[in-house]
Amino acid sequence: MSTIVTQPAAIAQRAASPARAGAQLRRAWRRNGAGYLFLLPWLVGFFGLTLGPTLASLYLSFTRFDLLTPAQWIGLENYVYMFTLDQRFWQALKVTFTYVLWSVPLKLVVALALAMLLDKGIRAVGVYRALFYLPSLLGASVAIAVLWRQLFAREGVVNQLLAVVGYQGEAWLHHPDYALYTLVILAVWQFGSPMVIFLAGLRQIPTDLYEAASMDGASRTRQFIRITLPLLAPVIFFNLVLQTIEAFKAFTQAFIVSGGTGGPIDATLFYTLYLYQEAFANFRMGYAATLAWVLLVIIGIFTAIAFLTSKYWVYYEDSRS
Amino acid sequence: MKTLDPEALRTARAQARRQRERRELRRALVKHACLIVASFGMLYPLFWMVASSFKPESEIFSDIGLWPHQVDLSNYGEGWFALRESFTGFFTNSFVIAGLSVIGNLMACSLTAYAFARLDFRFKWFWFALMLGTLMLPYHVTLVPQYVLFLSIGWVDTILPLVVPKFLAVDAFFIFLMVQFFRGLPRELDEAARMDGCGPWRIYWRIILPLSTPVLATAAIFSFIWTWDDFLGPLIYLNNITNYTVPLALRAFVDSTGLSAWGQLFAMSTLSLLPVFVFFLFFQRLIIRGVAMSAMKR
């Protein structure tokens, strides 16, 4: 720039000069315009469909709102009711946590075991990988949930197979002690996608590490504990976070298997299912927003715990230097 | 000093090698046997469903075998027309919604990703961080206000609430995937194009997009499958049976026929899985690489 402007009057003058302002605007446009034009759809979506609704949801969580009459501010009443009186909220939490705590570790263990089995230079890896992955791809559909309903029905396939070994099975889906675990099995059945991710991670572990270890006489178990697990920690971490969040968000399967009720006697009342019922069956939109925000906080806490503890157990190769 | 007969040494070595090879072969065979049994067990429910869709009702529950005594196509014919509307309409609706979602996601997410990966503008990193933040956001938080919004502009019971957001790049996962890919393309191409007088739009349209077919295909496949399988969205926004998607129709099928028409239900379920399965058959590599890529590049 040729002149250095220090005087307030000069600043005013500059601002007042339309030619100058126009030039500046043009320069700003040249530097930023293209970027913001490309970003425009996302910006509209972000403000209109993500940020706006998220904040609106926070507001609604402090109101009573049934869609027909305007939202009515009731302060913390929703939250107080939720934590002190609402039995179904606690039931939904219990169901969801049980589901997460069973399905996520089981799924990851099966995924890792099969990934290890497939990793060691076996023929036709691609075929097995594809076959094991297929349920992950189809599993989210209503069709599979419908199938699950049949598999675990009283005359279903599972009981017929059990009958072969002389065991009289239950009506699993109608038994409050077992219904949830049929959904856990459905989740574990979809171990394919973490398995694929584990396989990709295992590929990146240099084989000379194993060779060196076996030269030194390290057993397979020891190699697994000392080499595989530490080097795979970032991938395990990623899978853990991803699968946990996914499990918290599970909805379709519980809805179909229980016919939308979360039954028997709320044994499969997933958190998301309860939220759906409150919002779209009982039209308690304000309370549903409260549920949504509490879920956001819970998922946030879980993610934060995972990230905060990760530095103690996740080993990133490039951070060594 | 005792010298070994070289001939004996050679035979001993060959024998040891043969033994090792035999041991390895045996181990590989055991492994393959386990894997084959495991994959069959995994896929048995699917096979069984497909097989049952060809069986008459009486045979489904009396026989857990996979081979129908006679192939019976009537489940397909009857199932197709079992509800008040035929599945022609449901499949059309599903295809329209999924197709438009694919187009929307590809356009909007690639534009956004190009801005983040290649263009320079103020507050870019601020927006980028916000975008990454939305990756973690559970959709439930926006569910109620979005519904209120779409209800107030009269979009409920149309496909608009299911499709329009895709044109506004709400699915941050695809943006993320594309940003990673675009960053890997050589910058020299942009420079050269700029020398030749190309603006950002031409660079995006003529250089970046044509070079990005793998990531675009991956994004297209996943957005198709996810939209095809989506249940909550249609459940909330589509009320009239003429607007139903296939998953909603299947649910209505379960509700209306109860436990009486499993064969027809399985026939329609099988058909509903078919598009996803076809995608899997043809793009298996892309899909699996996409899954692995989503994790490896973080």
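Summary table
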{"item": "Residue list for region B:139-169, filter: β-branched (V, I, T), in contact (Cβ under 8 Å) with a residue 12 or more places away in the chain and assigned to a loop (DSSP other than H, G, I, E, B)", "result": "B:V156, B:T158, B:I159"}
{"item": "Set A:Q160, A:Q168: member being without any contact (Cβ under 8 Å) to a residue 40 or more places away in the chain, within 8 Å of another protein chain (Cβ to nearest Cβ) and over 27 Å from the mean Cα position of the chain (by Cα)", "result": "A:Q160"}
{"item": "Restricting region A:282-294 to residues that are more than 7 Å from every other protein chain (Cβ to nearest Cβ), in contact (Cβ under 8 Å) with a residue 12 or more places away in the chain and surrounded by fewer than 23 Cβ atoms within 10 Å (Cβ to Cβ), the residue that is farthest from A:A56 (Cα to Cα)", "result": "A:F283"}
{"item": "Restricting region B:114-138 to residues that are more than 7 Å from chain A (Cβ to nearest Cβ) and in contact (Cβ under 8 Å) with a residue 60 or more places away in the chain, the residue that is nearest to B:P200 (Cα to Cα)", "result": "B:R118"}
{"item": "The listed residue being surrounded by 15 or more Cβ atoms within 10 Å (Cβ to Cβ), within 24 Å of A:F283 (Cα to Cα) and not charged (D, E, K, R), out of B:L168, B:L162, B:L130, B:L177", "result": "B:L162"}
{"item": "Any hit, region B:59-69, residues being of a type in the set (G, A, S) and within 23 Å of A:I185 (Cα to Cα)", "result": "yes"}
{"item": "A:T50 vs. criteria hydroxyl-bearing (S, T, Y), within 14 Å of chain B (Cβ to nearest Cβ) and closer than 24 Å to A:T244 by Cα", "result": "yes"}
{"item": "From the options A:I144, A:I185, A:I225, A:I197, residue that is without any contact (Cβ under 8 Å) to a residue 40 or more places away in the chain, closer than 30 Å to A:K94 by Cβ, assigned by TED's automatic domain parsing to the domain that holds A:V104 and among the β-branched types (V, I, T)", "result": "A:I185"}
{"item": "Output for region B:244-266, where each listed residue is modelled with pLDDT under 90 and either more than 7 Å from chain A (Cβ to nearest Cβ) or within 25 Å of B:T218 (Cβ to Cβ) (or both)", "result": "B:A252, B:F253, B:D255, B:S256, B:T257, B:G258, B:L259, B:S260, B:A261, B:G263, B:Q264, B:F266"}
{"item": "For B:W127: the one exception among (1) in contact with a Leu (Cβ under 8 Å, 6 or more places away or on another chain); (2) closer than 18 Å to B:P165 by Cα; (3) not aliphatic (A, V, I, L, M)", "result": "(2)"}
{"item": "Candidate set: region B:1-40, residues that are under 14 Å from A:L118 (Cβ atoms) and among the small types (G, A, S); chosen: the one surrounded by the fewest Cβ atoms within 10 Å (Cβ to Cβ)", "result": "B:A28"}
{"item": "Which listed residue, of B:A51, B:A12, B:A38, is assigned to a helix (DSSP H, G or I), more than 10 Å from chain A (Cβ to nearest Cβ) and without any contact (Cβ under 8 Å) to a residue 12 or more places away in the chain", "result": "B:A12"}
{"item": "Boolean, B:I241 is surrounded by fewer than 22 Cβ atoms within 10 Å (Cβ to Cβ), within 19 Å of A:V146 (Cβ to Cβ) and away from chain A (no Cβ under 11 Å)", "result": "yes"}
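Let's see how each residue does on (1) modelled with pLDDT of 85 or more; (2) within 29 Å of the chain's Cα centre (by Cα); (3) among the aliphatic types (A, V, I, L, M); (4) under 27 Å from B:W67 (Cα atoms):
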{"position": "B:A12", "(1), (2), (3), (4)": "no, no, yes, no"}
{"position": "B:E24", "(1), (2), (3), (4)": "no, no, no, no"}
{"position": "B:R27", "(1), (2), (3), (4)": "no, no, no, no"}
{"position": "B:S39", "(1), (2), (3), (4)": "yes, yes, no, yes"}
{"position": "B:L46", "(1), (2), (3), (4)": "yes, yes, yes, yes"}
{"position": "B:M49", "(1), (2), (3), (4)": "yes, yes, yes, yes"}
{"position": "B:F54", "(1), (2), (3), (4)": "no, yes, no, yes"}
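The values are calculated or read from the model by the stated rules, or taken from the named source; none is laboratory data. As the structure is a computational prediction, the values presented were derived from the model and not from experiment. Please note: Cβ atoms are built from the backbone with ideal geometry, for glycine as well, and neighbour counts cover all protein chains shown.
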